């Protein structure tokens with residue numbers, strides 16, 4: 001058993017630290033643990049999608065930083081990786097008949113950690129895929145972090161394009177950016193874990209065995225509330241009319257609706273009531289009528305205040 005505490009000055013060579021000791025001790029700072037001392041591999045948050053680019057002859061990775069967990073051994077930990085220079089390499093020529101998918105990746109080679117690589121390096125690598133009618137990207141080699149996937153059309157079919165791997169590393173306790181519900185569900189969550197859904201813009205928290213949204217989607221109300229005033233006309237000799245309202249923005253399901261109806265006044269005053277609501281996600285209808293069914297002596301335009309509320313957040317966690 002080895003217990004590591006960093007940092008302490010060594011006296012007569014004790015304590016002695018290895019790179020592995022440092023990686024293990026620093027793992028307490030890393031979010032989204034994937035093992036005893038490892039974190040999810042990912043770019044530094046804020047890394048621009050344009051950090052990687054391609055032409056028909058060359059791929060380019062601009063200066064960037066990432067945290068990479070090669071998982072070659074049980075307690076290996078995670079490696080901080082950074083490059084302060086532009087790295088380039090040649091592209092394999094396009095196939096004459098079929099398109100292709102290639103990958104760029106960073107591979108951690110640390111023979112001191114017993115990974116069998118025989119090297120101490122972390123190069124950016126390029127791997128061309130097979131050219132087929134429906135191409136798939138090559139399998140990511142061991143101990144590697146995917147930089148991006150390159151789509152290469154057949155010769156004469158246009159320029160290649162690259163999609164950055166939008167997986168990010170964050171510190172312990174920080175909301176973890178995820179691109180989908182499936183990516184979120186791949187975690188082993190802990191009570192109070194936070195994720196930021198890049199596909200919905202919603203911050204979610206893991207609580208009591210389930211994920212729940214704690215913010216709303218951009219542009220949505222926290223509890224989806226619409227309100228307004230509409231006018232319904234009751235004709236001479238009648239005692240009822242139907243009010244129809246269309247919501248300015250559809251709900252995800254039929255909401256709770258309430259109305260406030262003014263008293264019809266004139267030579268006589270008529271007390272009015274709402275009856276027979278019909279609610280949908282896009283609007284509602286309601287009958288406005290005199291309480292005793294008496295027909296009005298004159299035509300009246302009745303202002304009706306209404307409010308509609310959906311009592312659960314508009315963007316569910318899924």
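The values are calculated or read from the model by the stated rules, or taken from the named source; none is laboratory data. This structure is a prediction, so every number in the text was calculated from the model and none was measured. In this analysis, Cβ positions are derived from the backbone assuming ideal geometry, glycine residues included, and neighbour counts consider all displayed protein chains.
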Meets criteria (modelled with pLDDT under 85, surrounded by 13 or more Cβ atoms within 10 Å (Cβ to Cβ) and either farther than 26 Å from residue 295 by Cβ or in the same structural domain as residue 305 (by TED's automatic domain parsing) (or both)) for residue 216: yes
Test: residue in the stretch 203-210 that is touching a helix residue (DSSP H, G or I) at 6+ places or on another chain (Cβ under 9 Å), in contact (Cβ under 8 Å) with a residue 24 or more places away in the chain and not in a loop (DSSP other than H, G, I, E, B): yes
Sole exception among (1) closer than 30 Å to residue 271 by Cα; (2) surrounded by 15 or more Cβ atoms within 10 Å (Cβ to Cβ) for residue 206, by number: (1)
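Residue by residue, here is whether (1) more than 30 Å from residue 151 (Cβ to Cβ); (2) part of a loop (DSSP other than H, G, I, E, B); (3) within 23 Å of the chain's Cα centre (by Cα) holds:
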residue	(1), (2), (3)
28	yes, no, no
67	no, no, yes
93	no, yes, no
102	no, no, no
So residue 209, is it on the phi > 0 side of the Ramachandran plot and at pLDDT below 90: yes
Residues of the stretch 295-307 satisfying the condition of being assigned to a loop (DSSP other than H, G, I, E, B) and either surrounded by 14 or more Cβ atoms within 10 Å (Cβ to Cβ) or in contact with a helix residue (DSSP H, G or I) (Cβ under 9 Å, 6 or more places away or on another chain) (or both): 296
